[in-house]
Amino acid sequence: MIEDRRTLLKWLVTGVGFTALDALAGSAIKVTARKKVKIVVIGGGFAGATFVRALQRLEPNVAITLIEENRTYQSGPLCAELLVDKRDEQTLTFDYNRLVSEGINIVHDRAIKIDPKKKCVVTRNATYTYDKCIVAAGISFDFEQIKGHSHELADKFPHAWQGAKQLNILKRQLHEMPDGGTVLMTAPNTEYRCPPGPYERVSQIAEYLKTHKPNSRIIFLDSKERFPKQAQFELAWSTLYGYGTDRSYIQWIGAKQGGTVTELKASSHELVCEAGTFKGDIINIIPRQRADRFAAENGLTGDNGWCPVNTKTLESLKIPDVHVIGDAADAQHLPKSAFAATCQARVCALAIYSIINNQPVMTPEYMNVCFSLCGTNYAISVAVNYHWNVASNKIDIISSNITALDSPPEQYVSEVQSAYSLFESLVKGAFG
Ligand SMILES: Cc1cc2nc3c(=O)[nH]c(=O)nc-3n(C[C@H](O)[C@H](O)[C@H](O)COP(=O)(O)OP(=O)(O)OC[C@H]3O[C@@H](n4cnc5c(N)ncnc54)[C@H](O)[C@@H]3O)c2cc1C
């Protein structure tokens, strides 16, 4: 048994301490001649990739197959910088070579079906039996929530909220927009991937416009009354982009001001909301979201579109021996972030390790740290600690620490470096 609880807890919440954990696990686990436990993981994003590497290191007596449709993975974190030409695509693109070298069987295929009775996962090309199946397949979009919008129109009015293709479309649109143009953006009021992400994107686009197309502006039509780190974002916007003045690059119209978009008029490039009809040269619609199609088609989702789980082990409440981690999981009140996804991945790996070894499952600890890049030398952050609530199955917030509004300028600069460091450590834990 791995007994150093403090080391484990630190590793669970931050992913730091893999080396110490190796030593512990190596000396603690007796590899017996018993049959290898078969683990099939669907999805090699931050959650799935972190999970397979964590479990592999905790428990050598497993045979892990990771089914991932794509040969490379593109990161959501820091993609706002890619959008506005501040970084190359390759700095955000990762392959699975390291995982292969660590003995994980990577299959590039699309998973279609789970058969819980036969305990197997069917892909386009093969069938894989499992003792435990982990679903880490991310999100899908609900385009029809806005009248006039559809999956078919998404390349014209890109969300750029998943994968490289849409991001490159939005990037090209920004390049091609004439100076004096208007960018319209909208985001949902239900749970979605990266709650502060849209506001980080607004900030980065505003900086791009200020630098390259100074007669342009961005209007955010929001279906929320308030948004995460709002006071911090608004301070950054007024410091950097004239927010609140006639010459502001950013206009934010919240739900209370009638910003909830109800219709897309595709032919005239307009968004309709109570506050009026707005014409945009570019329309970036971030649609409502729910768990990925695989989860929905295999009976893993609840009424709200996300996958209910036991938040101690991340095991599905719908199908035994199937665990759901990352954005697809209904793990309230964790946000849908890469940080939280990797935290869930480690909690799940440790729970499965304990189950395999007939040991009690440890009470989990969760944390989320999120940086938002508001400009080249300006970032803000929030760090939240959570407590697992056995009675409600919720993950309750116990404390949080947000960038103070009276921070000195050096603080915003140093938060940019911290954002990059955190990104490096998330990537290292997932892709090596
Ligand atoms: C603009 C933006 C900015 C963000 N910024 C941050 C940030 O600063 N910090 C932060 O912590 N988080 C951030 N996020 C959120 C973060 O990207 C997600 O929370 C994280 O990617 C979730 O990881 P996941 O593994 O659950 O899902 P994903 O990363 O989406 O991975 C799912 C994987 O499953 C694969 N897959 C899906 N279905 C199948 C199938 N049927 N068969 C095989 N493979 C399948 C997909 O190809 C994909 O590789 C940001 C997101 C966006 C969009």
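What fraction of the DSSP beta bridges in the chain is antiparallel, stated in percent and rounded to the nearest 5?
In the chain, DSSP labels about 55 percent of beta bridges as antiparallel.
For 132, 118, which order do you get if you count the other beta carbons within 10 Å of each Cβ and list the fewest first?
If I rank by nearby Cβ atoms, fewest first, I get 118, 132.
With +1 on the Cβ of every Lys and Arg and -1 on the Cβ of every Asp and Glu, and nothing else charged, how large is the dipole of the stretch 91-201 about its Cα centre, in debye rounded to the nearest 20?
400
Once the Cα atoms of helix 197-212 and of the chain are each reduced to a long axis, what angle between those two axes, in degrees from 0 to 90 to the nearest 10, is obtained?
It works out to around 40 degrees.
By its C-alpha gyration tensor, with a ≥ b ≥ c as the square roots of the eigenvalues, how is the stretch 304-375 shaped: rounded for a/c under 1.5, else prolate for a/b larger than b/c, else oblate?
oblate
Hey, how many Å between the Cα centroid of the stretch 165-209 and the Cα centroid of the stretch 56-128?
Each part reduced to its Cα centre gives a spacing of 27 Å.
Can you tell me how the stretch 59-215 classifies by the Cα gyration tensor, rounded, prolate or oblate, using a/c under 1.5 as the rounded cut?
On the way: a/c = 2.85, a/b = 1.90, b/c = 1.50.
Prolate, because a/c is 1.5 or more and a/b exceeds b/c.
How long are the semi-axes of the ellipsoid equivalent to the stretch 295-432, from square roots of 5 times the Cα gyration tensor eigenvalues, in whole Å, largest first?
31, 16, 15
Let's see if you can work this out: charge +1 on each Lys and Arg Cβ, -1 on each Asp and Glu Cβ, no other charges. What is the dipole magnitude of the stretch 142-288 about its Cα centre, in debye to the nearest 20?
Charge dipole of the stretch 142-288: 240 debye, to the nearest 20.
Please say if the stretch 142-288 is rounded, prolate or oblate, where rounded means a/c under 1.5 for a ≥ b ≥ c the square roots of the C-alpha gyration tensor eigenvalues, and otherwise the choice is prolate for a/b larger than b/c and oblate otherwise?
rounded
For the stretch 209-256, just the Cα set please: Rg and Dmax, both in angstrom.
11.1, 32
For the chain, build the convex hull from the C-alpha positions and give me its volume per residue in Å³.
Working: hull volume 62.0 nm³, N = 432.
Each residue corresponds to 143 Å³ of Cα convex hull volume.
What size of dipole, in debye to the nearest 20, comes out for the chain about its Cα centre when the only charges are +1 on Lys and Arg C-beta atoms and -1 on Asp and Glu C-beta atoms?
1120
Would you calculate, for the chain, the mean residue ellipticity at 222 nm contributed by helices, counting each DSSP H stretch of 4 or more residues as -39,500 (n - 2.57) and dividing by all residues, to the nearest 500?
On the way: 11 runs with 132 residues, N = 432.
Value at 222 nm, helices only: -9500 deg cm²/dmol.
State the percent of C-alpha pairs, over all pairs in the stretch 356-398, separated by a distance greater than 13 angstrom.
Tail of P(r) above 13 Å: 67 percent of Cα pairs.
In the chain, with Lys and Arg counted as +1 and Asp and Glu as -1 at Cβ, which of these residues, 429, 67, 140, has the Cα nearest the positive end of the dipole, that is, farthest along it?
Of the options given, the answer is 67.
Give the whole-number value, in cubic angstrom per residue, of the convex hull volume spanned by the C-alpha atoms of the stretch 82-121.
115
Extending each Cα 7 Å along its Cβ direction at residue 406 and residue 108, get the distance between those two points in nm, one decimal.
5.5
A short reminder: the numbers here are calculations on the coordinates, not readings from a lab. These numbers were taken from a predicted model, which means no experiment stands behind them. Using ideal geometry, Cβ is built from the backbone for each residue, glycine included, and neighbour counts are taken over all protein chains shown.
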